[in-house]
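Heads up, the thing below is written out as structure tokens.
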Amino acid sequence: MFDFTGKTAIVTGAASGIGEAIALELGASGAHVIVSDLEAQACGRVAASILDRDGKATAFAADVSDPEASAALVACAEKETGALHLAVNNAGIGGAQAPVGEYPLDAWRQVMGVNLDGVFYGMRAQIPAMERAGGGAIVNMASILGSVGFANSSAYVASKHAVLGLTKTAAMEYAQKGIRINSVGPAFIQTPLLTNNLDQEMLDGLAALHPVGRIGAAEEVSALTCFLLSDRASFITGSYHLVDGGYTAP
Ligand code: NAP
């Protein structure tokens, strides 16, 4: 559907769920994908899937909550392909479930470290590389919980709300330099983040919260993300795009 031939794209959290779907779609659409996640072996598995389908991919393990690792990831992209054009700051964690008055301090810092600091460290390294490349596009993976609350998930909700503000500000700063920056807000999506933590009854309960009557698929988030990365979205920057089966419509 999209043609990313000649473009290099970083995807974080690319060894599972939404990030894996995005990495595979970018790879199938001609991009050289830098597949990044915590575990080298998991990155290698997704990169191999792209290579098996005659795509281009490089595996690079990096922890997004480490600013030096985020810089090394960008350096890898430039070393392997000469330039960085696209990035999806997708890695994220759910964190502990507890009301604010009881929320564990270490869990708060861990969620903020991955979901918010990770996006900042990512863009801080990616943007100068995109300036060197003459422009680019970034998608930061937020959530519906970037615009509405969810009981017992204060750290996650706060981190995703903050990603929207960070995205808008960076977009304003770099719009004139040909770098578009947007955020995406999925509702509940069938990925290990959800299925590893919830039983079927809970999943059915979540499905009922969506007017379409089901949880979403990772490929449905990838379709929106790839559109925002593509030149078809050339007038879209600084904005938040829902892919939520109507969750936030009521
Ligand atoms: P997922 O299946 O758990 O995939 C996330 C990937 O990120 C995992 O491979 C995970 O590795 C990796 N990761 C975790 N911490 C990392 C770190 N510090 N550095 C690098 N990689 C790290 O989750 P997902 O559902 O696809 O979620 C992807 C993004 O979408 C997240 O930002 C999430 O908040 C967002 N989102 C998800 C949903 C949903 O319902 N699934 C809804 C809205 C938004 P490990 O498995 O080894 O931890």
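Assorted remarks:
- Helix 17-28 axis, angle to the chain major axis (alpha carbon atoms, nearest 10°): 30 degrees
- Acute angle (nearest 10 degrees) that the helix 40-52 long axis makes with the longest principal axis of the chain, alpha-carbon atoms: 60 degrees
- Summing charges over neighbours of ALA21, with a neighbour being any other residue whose Cβ is under 10 Å away from its Cβ, gives -4 when K and R count +1 and D and E count -1.
- Helix 154-174 axis versus longest C-alpha principal axis of the chain: approximately 30°, rounded to the nearest ten.
- GNM top mover of LEU194, LEU116, LEU73 - the chain, alpha-carbon springs below 10 Å: LEU194
- Label-zone membership for the range 217-250, site THR195, 7 angstrom Cα→C-beta point, backbone N under 17 Å: 217-222
- Total formal charge among the other residues, if their Cβ is under 14 angstrom from that of PRO67, Lys/Arg +1 and Asp/Glu -1: -3
- Near THR12: Cβ cut-off under 11 Å, other residues only, Lys/Arg at +1 and Asp/Glu at -1. The net charge is -2.
- The chain, helix-only ellipticity at 222 nm - DSSP H runs n ≥ 4, -39,500 (n - 2.57), divided by all residues, nearest 500: -13500 deg cm²/dmol
- Per the Debye formula on identical point scatterers at the alpha carbon atoms of the chain, with no solvent, log10 I(q)/I(0) at q = 0.10, 0.15, 0.16, 0.17 Å⁻¹ is -0.43, -1.01, -1.15, -1.30.
- GNM top mover of LEU86, LEU206, LEU229 - the chain, alpha-carbon springs below 10 Å: LEU206
- Alpha carbon centroid spacing (whole Å) that separates the range 142-166 from the range 177-250: 14 Å
- Each peptide among 57-67, 181-191 gets the average number of other Cβ atoms lying within 10 Å of its residues, and from highest to lowest they stand as 181-191, 57-67.
- Over the range 137-197, relative contact order from alpha-carbon pairs under 8 Å, at least 6 apart, %: 45 percent
The numbers here are math on the coordinates, done by the rules we state, and not lab data. Keep in mind that what you see is a predicted model, and the values were worked out from it rather than measured. Cβ: placed from backbone, ideal geometry, glycine included. Neighbour counts: every protein chain shown.
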